[in-house]
1. Testing Gly308 on (1) without any contact (Cβ under 8 Å) to a residue 40 or more places away in the chain; (2) crowded, with 17+ Cβ neighbours inside 10 Å, one condition comes back false. Which one is that?
2. Within the stretch 299-320, work out how many residues are within 30 Å of Thr94 (Cα to Cα) and out of contact with any Ser or Thr (no Cβ under 8 Å at 6 or more places or on another chain).
3. Condition first: surrounded by 17 or more Cβ atoms within 10 Å (Cβ to Cβ), farther than 26 Å from Tyr12 by Cβ and polar (S, T, N, Q). Can you find one or more residues in the stretch 264-281 that meet it?
4. What strands (runs of 3 or more DSSP E), lying completely within the stretch 144-231, carry at least 1 residues that are in contact (Cβ under 8 Å) with a residue 12 or more places away in the chain, crowded, with 18+ Cβ neighbours inside 10 Å and within 16 Å of the ligand (Cβ to nearest atom)?
5. Go over the candidates Gly56, Gly50, Gly72, Gly34 one by one and state the one that is surrounded by fewer than 20 Cβ atoms within 10 Å (Cβ to Cβ) and touching a helix residue (DSSP H, G or I) at 6+ places or on another chain (Cβ under 6 Å).
6. In this structure, is Thr136 of a type outside the set (D, E, K, R), away from the ligand (no atom under 15 Å from the Cβ) and touching a residue at least 12 places away in the same chain (Cβ under 8 Å)?
7. For the stretch 110-133, name all the residues that are within 16 Å of the ligand (Cβ to nearest atom) and either farther than 28 Å from Glu247 by Cα or surrounded by fewer than 21 Cβ atoms within 10 Å (Cβ to Cβ) (or both).
8. With the condition kept exactly as written, say whether any residue in the stretch 85-96 is at pLDDT 95 or above and more than 16 Å from the ligand (Cβ to nearest atom).
Amino acid sequence: MNIPLVDLKSQYLSIQGEIDEAIYSVIRDSAFIGGPYLDRFEKDFAAYSGATYAVGVSNGTDALRLALLACGVKGGDEVITVPNTFIATAEAITSIGATVRFVDVQSDTFNLSPDLLESAITDRTRAIVPVHLYGTPADMDPILEIAMKRNLKIVGDAAQAHGAFYKGRKIGTLGDAVCFSFYPGKNLGAYGDAGAVVTNDVAIAERVALLRDHGRKMKYEHAVAAFNCRMDGLQAAILSVKLRHIEKWTERRIHIAALYTKLLAGVSAMRTPRILGNVRSVYHLYVIATARRNQLQRHLKEEGIATGVHYPIPLHRQPAYASLGLQDGTFPCAEDQAQCVLSLPMYPELTDNDVQ
Ligand SMILES: *Cc1c(COP(=O)(O)O)cnc(C)c1O
């Protein structure tokens, strides 16, 4: 048996004609940076996300960084997020000189715990970055309510959650700005780095568009000293092709997840994902939890089945954030999660037989 954790090649082969044509069109038109292919993808992705505006950028990390800046976060401010995410979430905060403040997660959904949120807010807090981990929306109603009451911005990290829903609302509408990554392995993946900020707020959209392109208003007039965080035309064209297929792929992920959950239902030493009611997880990852994680991972590897751990070290225990001085035991749920989670193979081309 040889089952990988993800398989990008078989997805390419299934849409090869469309992708190759899109790539050659960009080259023939020399539309390499920005341009018509980006404009079109932004329009289509905004519609897909349920937001009015989408601004394509260089990657998901930059999407978070520019969205925070566009929301007015600056050096010295505090921004709240969770410790059980990819490091990019925290890097986006600390790279603009803000301070990251972690809040622990719920032990069953692995998403930000609304009950612990208020105690982390200080008079320097400016924003909250809820992460929709593994493609499953965080419990946003109480988080939105607290943000409203305390006058805080919400910048969603939906890097793993393209197409997710929370209580009938699309994930791209749950916050002042919501950020996506199109890293190749994400549910909607480019053939290189790419990302986007979506928002209903025209001022935020315009600010992100300004910041991604050297603060440029006109060709050689720069309103602010900013960054180069643009998206390539090639990536935009490829993403437009894939956007036409994403719902079919997402339905397949949901089917695979349901099959795993059904087949694992009798295994008492293992927890399958808990998803809140009235929520659509898009299962970027299918993650089980077991006290014998390392043994199980070894066993599956011997059987030719690849797995992953997302993530083995919580951010407050990373050497990169040692200066925060947060010891083991500070965030028990995130720490326990790091010990017991295991990601099983998950990609739309996985067959029912493979899942079995
Ligand atoms: C992938 C990811 C990012 C960063 O996206 P890049 O495009 O790799 O910069 C941020 N947050 C989460 C939760 C991610 O999974």
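1. (1)
2. So the count comes out to 7.
3. The answer is yes, given that some residue of the stretch 264-281 is surrounded by 17 or more Cβ atoms within 10 Å (Cβ to Cβ), farther than 26 Å from Tyr12 by Cβ and polar (S, T, N, Q).
4. 153-157, 177-181, 195-199
5. Going through Gly56, Gly50, Gly72, Gly34 in turn, just one is surrounded by fewer than 20 Cβ atoms within 10 Å (Cβ to Cβ) and touching a helix residue (DSSP H, G or I) at 6+ places or on another chain (Cβ under 6 Å): Gly50.
6. No, not satisfied.
7. If the condition is that a residue be within 16 Å of the ligand (Cβ to nearest atom) and either farther than 28 Å from Glu247 by Cα or surrounded by fewer than 21 Cβ atoms within 10 Å (Cβ to Cβ) (or both), then Ala127, Ile128 are the ones that fit.
8. no
The values are calculated or read from the model by the stated rules, or taken from the named source; none is laboratory data. All values reported here derive from a predicted model rather than from experimental measurement. For neighbour counting, all protein chains shown are included, and Cβ atoms are generated from backbone atoms with ideal geometry for every residue, glycine included.
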